[in-house]
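K.L.:
Before we start, here is the structure in question, set down as structure tokens.
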Amino acid sequence: MPGLTLYPAIDLKNGQCVRLRRGDMDQATIYPDDPGAQAQAWQRAGFQRLHVVDLNGAFAGKPVNAAAVRSILTSVTIPLQLGGGIRDLAGIAAWLDAGVHRVILGSAAAKNPPLVLQACSRFPDRIAVGIDARDGLVATEGWAETSAMPVIDLGLRFEDAGVSAIIYTDISRDGMLSGLNLDQTVALADRLTTPVIASGGVGSLADLAALKQVARGTRIEGVIVGRALYDGRVNPAEALSLLAS
């Protein structure tokens, strides 16, 4: 099977790189305050893609950390995917024109499904859907709201839309270093033909090894890692080597 892609996360709050615990904006650990420099560091470490989220934008429903995102775009040559506060076609087009490789629609996908269909039609292979789960239900608005929609229902809704990937995050594990929710990630991947990217909870190389084991024969294509990389719990070279094949 092909290797899994490892996406280092750059989460932006007030122009700085941060990591949250379970999506709580009041529990933010601040890392390097120069997002462009951090992106360069990840590129030098050998990562082939970046995962960037405008946290303020996710809550506000509109881009807030645009300057920080642009600094990342001008600092690296590797592709990045961007989510957080992107809610319309004009916003999607603007970021793709600015150099973002793939736009992630989260709250917009849950609340405005036609937007996903329109975006996928207009921008083939450049739209991902972020599904953030709390107790198996879809959460929106920067995880501040929890809907009554099961995760699998939202994933199935876009099976024929042309979505390039589903990014699945278990909120209860995000930033907690307690390991991915492998059961739910595999259950989702088994029901979909769309590739799935796992997120939320990686705390060690062993967590990545466990994902690699269960990902065999599934549509899981990658994993997002944040705090464990910043804190040194996961060594970039070792992680990339582990997931390469």
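The values are calculated or read from the model by the stated rules, or taken from the named source; none is laboratory data. Small disclaimer: the values here were computed from a predicted structure and weren't measured. In this analysis, Cβ positions are derived from the backbone assuming ideal geometry, glycine residues included, and neighbour counts consider all displayed protein chains. The protein model used for the area step is the full one, side chains on, heavy atoms only, and it has no ligands, DNA or RNA in it. Shrake-Rupley method; radii C 1.70, N 1.55, O 1.52, S 1.80 Å.
K.L.:
Looking at segment 97-108 only, could you name the residues that are over 22 Å from Y168 (Cα atoms) and either at pLDDT below 95 or among the hydrophobic types (A, V, I, L, M, F, W, C) (or both)? Before you say what the answer is, go through the steps one by one.
P.N.:
The initial filter retains those residues of segment 97-108 that are over 22 Å from Y168 (Cα atoms), namely 97-99.
Selection gives A98 alone.
K.L.:
Residues S241, S147: which one is open to solvent by 10 Å² or more (accessible area, probe 1.4 Å), more than 15 Å from the chain's Cα centre (by Cα), farther than 22 Å from P2 by Cα and free of Cβ contacts under 8 Å to residues at least 40 places away in the same chain?
P.N.:
Unique residue meeting the criteria: S147.
K.L.:
Going through segment 163-198 one residue at a time, which ones are among the small types (G, A, S) and either open to solvent by 40 Å² or more (accessible area, probe 1.4 Å) or at pLDDT below 95 (or both)? Explain how you work it out, then say what you get.
P.N.:
First, pick out the residues of segment 163-198 that are among the small types (G, A, S): 164-165, 172, 175, 178-179, 187, 189, 198.
Within segment 163-198, S172, G175, S178, G179, A187 meet the criteria.
K.L.:
How many residues, within segment 121-144, are closer than 17 Å to L188 by Cα, of a type in the set (D, E, K, R) and without any contact (Cβ under 8 Å) to a residue 40 or more places away in the chain?
P.N.:
Qualifying residue count for the region: 2.
K.L.:
Right, something else. If I go through segment 45-63 residue by residue, how many of them are without any contact (Cβ under 8 Å) to a residue 60 or more places away in the chain and open to solvent by less than 20 Å² (accessible area, probe 1.4 Å)?
P.N.:
4
K.L.:
Quick one: in segment 1-19, which of the residues that are open to solvent by less than 10 Å² (accessible area, probe 1.4 Å) and within 13 Å of G84 (Cβ to Cβ) is modelled with the lowest pLDDT?
P.N.:
Of segment 1-19, the ones open to solvent by less than 10 Å² (accessible area, probe 1.4 Å) are 6-10, 12, 17-18.
Checking which are within 13 Å of G84 (Cβ to Cβ) leaves us with 9-10, 12, 18.
Numbers: A9: 96, I10: 96, L12: 95, V18: 88.
Among those residues, the one meeting the criterion is V18.
K.L.:
Same structure again: Consider segment 199-232. How many of its residues are open to solvent by less than 40 Å² (accessible area, probe 1.4 Å), out of contact with any Phe, Trp or Tyr (no Cβ under 9 Å at 6 or more places or on another chain) and without any contact (Cβ under 8 Å) to a residue 40 or more places away in the chain?
P.N.:
7
K.L.:
If I filter segment 103-127 down to residues being in contact with a Gly (Cβ under 8 Å, 6 or more places away or on another chain) and small (G, A, S), which single residue comes out as least open to solvent (accessible area, probe 1.4 Å)?
P.N.:
A109
K.L.:
While we're on this one: Within segment 64-94, track down each residue that is closer than 16 Å to D125 by Cβ and open to solvent by 20 Å² or more (accessible area, probe 1.4 Å).
P.N.:
Within segment 64-94, just P79 meets the criteria.
K.L.:
Can you name the residue in segment 24-74 that is of a type outside the set (A, V, I, L, M, F, W, C), modelled with pLDDT of 95 or more and assigned to a strand (DSSP E or B) and is also nearest to A165 (Cα to Cα) among such residues? Full working, then the answer.
P.N.:
Step one: filter segment 24-74 for residues of a type outside the set (A, V, I, L, M, F, W, C), giving 24, 26-27, 29, 31-36, 38, 40, 43-44, 46, 48-49, 51, 54, 56-57, 61-63, 65, 70-71, 74.
If we keep only those that are modelled with pLDDT of 95 or more as well, we get 35-36, 38, 40, 43-44, 46, 48-49, 51, 54, 65, 70-71, 74.
Within this subset, residues satisfying the condition of being assigned to a strand (DSSP E or B) are 51, 54.
Working: H51: 13, D54: 19 Å.
It comes out as H51.
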